[in-house]
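Take a look at the structure set out below.
What follows is calculated from the coordinates using simple rules that are stated; it is not laboratory data. Predicted model, so just to flag it, every value in this text is computed and none were measured. Cβ coordinates were reconstructed from backbone atoms using ideal geometry, including for glycine residues, and neighbour counts include every protein chain displayed.
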Amino acid sequence: VTTDMSIYTDEIFGPVLCIVRANDYEEALKLPSQHEYGNGVAGEHRDGDAARDFVSRVQVGMVGVNVPIPVPVSYHTFGGWKRSGFG
């Protein structure tokens with residue numbers, strides 16, 4: 001998926017898995033953080049320090065590390081940030 005596609009620009013609820021490739025780590029942080037919607041993001045990391053940094057710096061409601069979708073444990077609320085609101 002590229003950033004000019006409607007599946008990237010519009011808020012889509014699944015089951016849909018979209019993959020956006022970033023050129024580097026800082027771009028991977030910037031893409032979801034600067035998006036108008038902020039429901040969730042999942043990132044693949046090989047380095048634990050980088051994964052912890054990503055989780056603490058990315059600006060979205062739910063963050064997943066090395067999982068296909070960022071879902072909370074069942075007793076946590078499901079909510080996004082920015083224009084995503086809740087659910």
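Of the residues in the range 4-14, how many are within 19 Å of residue 44 (Cβ to Cβ) and either surrounded by 10 or more Cβ atoms within 10 Å (Cβ to Cβ) or under 13 Å from the mean Cα position of the chain (by Cα) (or both)?
Counting residues in the range 4-14 that are within 19 Å of residue 44 (Cβ to Cβ) and either surrounded by 10 or more Cβ atoms within 10 Å (Cβ to Cβ) or under 13 Å from the mean Cα position of the chain (by Cα) (or both) gives 1.
Yes/no matrix, rows are residues, columns are (1) within 12 Å of the chain's Cα centre (by Cα); (2) closer than 23 Å to residue 5 by Cα:
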| position | (1), (2) |
| --- | --- |
| 35 | yes, yes |
| 47 | no, no |
| 51 | no, no |
| 55 | yes, no |
| 62 | yes, yes |
| 68 | yes, yes |
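Pairs only if they're at least six apart or on different chains, beta carbon under 9 angstrom, first in the range 15-27 and closer than 17 Å to residue 46 by Cβ, second among the acidic types (Asp, Glu); list them, first residue then second.
25/53
Which residue is farthest from residue 83 (Cα to Cα), if the candidates are limited to the range 1-50 and must be of a type in the set (Asp, Glu) and in a loop (DSSP other than H, G, I, E, B)?
47
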